[in-house]
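Each remark here refers to the structure printed beneath this line.
Here, each number is a calculation from the coordinates, and none is a lab measurement. All values derive from a computational prediction rather than experimental measurement. No Cβ is skipped: glycine too gets one built from the backbone with ideal geometry, and neighbour counts run over all protein chains shown.
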Amino acid sequence: MSFCFNFDVPISPVTKGNVDGNGMQNKKKGNAAKSTGDCVPQMGLVKPAKEHSPLPGPGFPLLDAVTETVTIGTLPPLHFVNETVFERTAAEREDEEKILTRTAEQRSDLISGVYEGGLKVWECTYDLLELIEKEGETFTGKAVLDLGCGAGLLGIVALKRGARLVHFQDYNSTVIEQLTVANVILNCGDEEEDDSDDEERGKGGGKMKAKQDLKEDTPPPKKRSIDRTQRPLLTKCRFFSGDWSTFLDLLIKEDPLPKFDIILTSETIYNIDYYPVLHKTLEKLLAPGGLVYLATKSHYFGVGGGLHLFETFVEQEGIFSLDRLWDGEEGLQRHVVVLRFKITKGS
């Protein structure tokens, strides 16, 4: 399935107050089809946040699910529901938001206020996973937030590498309930299997495996069914949907307010109108001394956002310092950056 990318969004100045509380996030493909004309964001929409149970609900896609597995260096193997099969079987799932049918009908990666791209695993996610592997981050004992999580691979690798808790957040409840939770459960029941795989990767040098190509007559193998009650790692997870402003409001009601040692986010700066609420969310939820790892493209054509504009916004706000950790040189340039609180005098 091909999807549109050249969204018709007016470019606004990067200043405070450009957002009306709308925290919509999106992860975009580098190659995309021509716009169908249905991809124009509707400003001012706010999706209420809610927390989701990690227990499977109706239409849950895990049992005998067709999955893919990716391994990057010494990272644990990451299993996730095959997105192509997921799309083909959309009619069989619970979807109160109707995003599964609407994205198929409109052939769109973005239906603003309806769907924000969480059903796909985008390129920059793999960039950040490779950076995590290179830097040797273990996440041991740390609180982690996977912001705009989609399939949840970033949070899952943190969970499997020793995080004490992981919060997953995505704009769409259907993404959380039908995809994120499924992927977390797929990865929470095979710790022994992962340990043996780690040993093999240590011997073999550990390159990322190519994603399996799906053919009409030869679908990828199905993931073996695992007893859903035998997942101690799942007790460390919480799952949330909603836009960033309402998600933040929901967490602020908790006492104490959750603070995260590491926030992971990929391809969430595509539209400058959402920078203020994203920045506020990072500011309020990052623990002192914490780090925000952001993977992004240099520019999102037709949408207006990108790394340079986000860097400018962050500098204007004066709260975070931003450093580049990795810059890709091929094709549409991609980057991984880290944000941390600036050290003020007397602190």
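Key figures for this structure:
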| read-out | value |
| --- | --- |
| 9 Å beta-carbon shell around residue 289, net charge (K/R +1, D/E -1) | 0 |
| Surrounding net charge for residue 325, when Lys and Arg each add one and Asp and Glu each subtract one, Cβ distance under 14 Å | -4 |
